[in-house]
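Quick note: the coordinates plus some simple rules give every number you see, no bench work behind them. Source: prediction; values computed, not measured. Reconstructed Cβ throughout: ideal geometry from the backbone, glycine too, with neighbour counts over all protein chains shown.
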Amino acid sequence: MLLKASSVTNLTDARYYAAKEVDYLGFNLEEGTEGFLDPVYMKAIREWVTGPFITGEFSRSPVAHVAAAAEFFGLDVVQLSAEHHLDHLADLRSLDILLHVQASADMASLEQVFHTASPFVSCFILDCSNIDHCEPLLYHNKASWNALLGLRPTLLQANLLAGPISALFQQLDFAGLSLVGGEEERVGVKSFDQIEEILEAIGR
C-alpha cells in the first residue's frame, strides 16, 4: 500500500508521516500557489526526516524550471499536473514523475490522460477532493476505472472518512492514498486522529 503526504508545510507533519513510513513526502514548490513552501524551509525540514522520497510538487512551472529545481534541490521525485504538463512529460524522462490528475465524469478525457502519460510516469494521483459526492463517480463503471488504475499505480486523494475509503479500496484497484498536510494547531501540536483511522482502515 503506497502512501504520499502532499503539501507538507511543517516539521510536525513531516515527522509524523516519516514515522508512518510514507513512500513520498511532498512539498509544494510552485511559488504563488496555495500551500507553497519556501525551499529554504523544505531543506530544513528534510534534514529531520529519513525514509520517504522527497517530492517537489509543481502545478504550472515549465518543464525546464522543474528539471532545474529537481537538480538544484536534490529532489527524489517530481509531481506534475496533467492539466499543464501532459504534453511535455517526454522532456523529463530522466526524472521519476508522479502525475496529478483531477477526477472527472468525462471518462474519455481521463482515458486519454492515463494512456498518454503511463509510459512516462511511475505513479498517478487521482484527485477527487474538489468533487462533491465522489463515491458515485468512482463506483460507476468500475471495470473502466480498474482498467485505468491498472496502467500504473494510482493513489486516491479525496475528502473521505475511513469507512468510505475502506469500502472503495475493496472494489477499486487503488495502490494507495495521497494524504494532504495541514496547519498545526500551534507550533509542534497537531491532532492526527482522523488520519490514524484512515490508515487503520486500509491496513497501513
Candidates 122, 144, 118, 178, filtered to the one that is closer than 20 Å to residue 3 by Cα, surrounded by fewer than 16 Cβ atoms within 10 Å (Cβ to Cβ) and among the polar types (S, T, N, Q): 122
Assess whether residue 194 counts as being assigned to a helix (DSSP H, G or I) and closer than 20 Å to residue 83 by Cβ. no
The one condition residue 30 fails out of (1) among the charged types (D, E, K, R); (2) closer than 22 Å to residue 192 by Cβ; (3) not in a helix (DSSP H, G or I) is (2)
Per the list (1) closer than 28 Å to residue 21 by Cα; (2) hydrophobic (A, V, I, L, M, F, W, C); (3) out of contact with any helix residue (DSSP H, G or I) (no Cβ under 8 Å at 6 or more places or on another chain), residue check on residue 103 breaks on (3)
State whether the residues of the stretch 128-137 include one that is of a type in the set (A, V, I, L, M, F, W, C) and surrounded by fewer than 18 Cβ atoms within 10 Å (Cβ to Cβ). yes
Quick one: would you say residue 62 is in contact with a Phe, Trp or Tyr (Cβ under 8 Å, 6 or more places away or on another chain) and over 30 Å from residue 140 (Cα atoms)? no
Any residue at all in the stretch 40-48 that's outside any helix (DSSP H, G or I) and over 30 Å from residue 170 (Cα atoms)? yes
Just for the stretch 1-27: of the residues that are outside any helix (DSSP H, G or I) and of a type in the set (A, V, I, L, M, F, W, C), which one is nearest to residue 73 (Cα to Cα)? 27
Set 21, 57, 71, 34: member being of a type in the set (D, E, K, R), closer than 20 Å to residue 125 by Cβ and without any contact (Cβ under 8 Å) to a residue 12 or more places away in the chain: 34
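Hand me the list of helices (runs of 4 or more DSSP H) wholly inside the stretch 79-164 holding 2 or more residues that are of a type outside the set (Gly, Ala, Ser) and farther than 24 Å from residue 28 by Cβ.
Working: elements: 82-85, 107-117, 134-139, 142-149.
By residue number, 107-117, 134-139, 142-149.
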